[in-house]
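Here is the structure we will look at.
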Amino acid sequence: MLRHHPAASTIATVLPGLNRLRHYPAAWLRGDVVAGITVAAYLIPQCMAYGELAGVGAIVGLWAILPPMVLYALLGSSPQLSVGPESSTAVMTAAAVAPMVATYGSDYQVTAALLACLVGLLCLVGYIARLGFLADLLSKPILIGYMAGVAVLMVVGQLGKVSGVPIQSDSIGGAVYDFLSHLSQAHLPTLTLSAFVLLFLFTVQSRFPTAPGPLLAVLLSAVAGWLFNLEQQGVAVVGEIAAGLPALQLPLLPTEQVMHLLAAAVGVAIVGYSDNVLTARTFATRNRYQPIDANQELLALGIASLGTGLMQGFPISSSASRAAIGDAVGSKSQVFSLVAFGVVLGVLLFLRPVLALFPTAALGAIVIYAATKLIDIPEFQRLRGFRQGDFVLAVATTVGVLATDMLVGVAIAVGLSVIELFARVARPHDAVMGKVPDLAGLHDIKDWPGATTIPGLVIYRYDAPLFFANVTDFKRRALEAIDAETAPVEWFVLNAEAIAEIDITAADMLMELYDELAARQIIFALARVKQDLYAQLRLSGLLSRIGPDHIFFTLPSAIQGFQQRSRPK
């Protein structure tokens, strides 16, 4: 019998991408090559635009895409995710770095690169501690609201670049006021070019959704700039690009600045990682391949972020738009990222003069175009129709992002998610179970007209684990269920099918409830107790008080026990 070498098994676990490449089907090659070239054509102007958005410059946006494309291809658990510069982390980079540079006078690019390294280290700590479950703290309503807020920030941040209007304020309201009050000072060639790019992008999107619209837009803008001599008319361009590639460099700042930046890195890591996992899961579900490993994504994003920071980049995450384009034209594996890497590398080495002609107004228009895709109005409408609470959470998150600092908005989003989760568990659904005419089994009597309980017996179900936050609610509602009965209650049966575990506060409360029911001559019984809960109840002493005659594996056996209570043995 063949045995797998332990080292090979470890490599396959840590480097799932490498394992996929070793078993790569030749039939996938054409689709991956076409997808890689197409995605590269899209990401070159997009990443340049995100470099401008982050405040590090267009060329750094391209530098920042190189390490993650290779590293994620080896380490990532998704065969289709495109990792690199992305809108929300770019905005957060600018929000974190600009104030620090203003306060300490530190180098902007070094600070951004150090932020990427700190994000990478935090992700690696999360991987070691197996904190992949944290991705689930951001519920869908929170993410919809958060991305809408990010989109507004993106648009406002580009108003000056696409119009030439001088904007001095750093706040959302102030920037909008500056733009509107100084609109008469708009630079007409810049504004015309931006409007042309936006119109072109939306037209291409509607008619040719898989075409590299952003690349075509900036190429046409560069041609227009050359034909009409727009640079001489005051239209800003990317400008001269240094030859070669970025050197490996460790970004260093004084300890005080590092500690200040660490708080921002936590927010960036949470948002970037959540975006990674959620986007990867979306494509895994759509194309029905193996589930995404949330902890492996922490490792992949951590190493990719470190690589980007050491290559003078800025924080990264996944791009849903690039992944969607690759999927649409046939990507099957991370080979498409390696092909895109080769294309970008070739452009940086041989087509720098063309990149230098890219108008920054066109890049700003691309950012605005990308922002419009982040505001999902149909999803807001769906949330409102499905559940009002989810809609309120989404709107509150959007307002939080816009009304506060960007990183505070992240904290608000996470806080709202946790509060929502906590509220659901602290005040869960409950049910008094009874019989429904012509329907087998026991059901919540509130759900069925004509449902009745068994006289003298209350079967009560509480749909959450019992812990310190809901024990008072549980006891109150359990006693209310007893008091609501018209016939005198003789037995109270707790249906524990939804109670996986309890804490010590809940154990003490159950003992109190037992004593209170005993004082009222009511038997306290348990049904459908799981083994873990059984062990906890035994340690608490409650099982010995209840007695084995009042612990049942099923609800029918509990009913049978109640009905036989007065029969002679």
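The values are calculated or read from the model by the stated rules, or taken from the named source; none is laboratory data. The structure displayed is predicted, hence computed values, not measured ones. Here the Cβ positions follow ideal geometry from the backbone for every residue, glycine too, while neighbour counts run over all protein chains shown.
Below are the figures for this structure:
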quantity	calculated
Qualifying positions in the stretch 421-445 - assigned to a loop (DSSP other than H, G, I, E, B), closer than 22 Å to E485 by Cβ and out of contact with any strand residue (DSSP E or B) (no Cβ under 7 Å at 6 or more places or on another chain)	H429, P437
Condition broken by G145, with the remaining ones in (1) out of contact with any Gly (no Cβ under 7 Å at 6 or more places or on another chain); (2) over 26 Å from P251 (Cα atoms); (3) at pLDDT 90 or above; (4) crowded, with 21+ Cβ neighbours inside 10 Å satisfied	(3)
Residue match in the stretch 35-47 (condition: within 20 Å of V271 (Cα to Cα) and either in contact (Cβ under 8 Å) with a residue 60 or more places away in the chain or touching a helix residue (DSSP H, G or I) at 6+ places or on another chain (Cβ under 7 Å) (or both))	yes
Residues within the stretch 459-503 that are acidic (D, E), farther than 13 Å from D430 by Cβ and within 38 Å of the chain's Cα centre (by Cα), tallied	2
Subset of the stretch 306-321 that is more than 17 Å from the chain's Cα centre (by Cα) and surrounded by 24 or more Cβ atoms within 10 Å (Cβ to Cβ) - its residue that is nearest to G272 (Cα to Cα)	F314
Any hit, the stretch 497-505, residues being crowded, with 20+ Cβ neighbours inside 10 Å, out of contact with any Ser or Thr (no Cβ under 9 Å at 6 or more places or on another chain) and under 15 Å from N470 (Cα atoms)	yes
Failed condition for E490, given (1) touching a Gly at 6+ places or on another chain (Cβ under 6 Å); (2) farther than 30 Å from D515 by Cβ; (3) not assigned by TED's automatic domain parsing to the domain that holds A264	(2)
Counted residues, the stretch 291-319 - those being modelled with pLDDT of 90 or more, part of a helix (DSSP H, G or I) and among the aliphatic types (A, V, I, L, M)	8
Test: I412 is aliphatic (A, V, I, L, M), under 30 Å from L121 (Cα atoms) and buried (at least 17 other Cβ atoms within 10 Å of the Cβ)	yes
Where A506 falls short, out of the listed (1) touching a residue at least 40 places away in the same chain (Cβ under 8 Å); (2) farther than 21 Å from R427 by Cα	(2)
Lone unmet requirement of (1) crowded, with 24+ Cβ neighbours inside 10 Å; (2) closer than 17 Å to C117 by Cβ for L299	(1)
So R477, is it in a strand (DSSP E or B), assigned by TED's automatic domain parsing to the domain that holds K530 and touching a strand residue (DSSP E or B) at 6+ places or on another chain (Cβ under 6 Å)	no
Qualifying residue in the stretch 103-124 (condition: in contact with a helix residue (DSSP H, G or I) (Cβ under 8 Å, 6 or more places away or on another chain), over 20 Å from G55 (Cβ atoms), surrounded by 24 or more Cβ atoms within 10 Å (Cβ to Cβ) and at pLDDT 95 or above)	yes
Spans of helices (runs of 4 or more DSSP H) in the stretch 320-410 with at least 2 residues under 22 Å from M154 (Cα atoms) and among the hydrophobic types (A, V, I, L, M, F, W, C)	320-328, 360-374, 377-386, 388-403
Options V119, V162, V150, V155; residue that is outside any loop (DSSP other than H, G, I, E, B), under 30 Å from F196 (Cβ atoms), under 17 Å from the mean Cα position of the chain (by Cα) and β-branched (V, I, T)	V150
Unique match (being in a helix (DSSP H, G or I), in contact with a Ser or Thr (Cβ under 7 Å, 6 or more places away or on another chain) and either assigned by TED's automatic domain parsing to the domain that holds H260 or under 18 Å from L345 (Cα atoms) (or both)) among A35, A96	A35
Single residue of V70, V60, V97, V56 found to be surrounded by fewer than 24 Cβ atoms within 10 Å (Cβ to Cβ) and more than 20 Å from the chain's Cα centre (by Cα)	V70
Of all residues making up the stretch 426-461, the number that are within 18 Å of G561 (Cβ to Cβ) and of a type in the set (A, V, I, L, M, F, W, C)	6
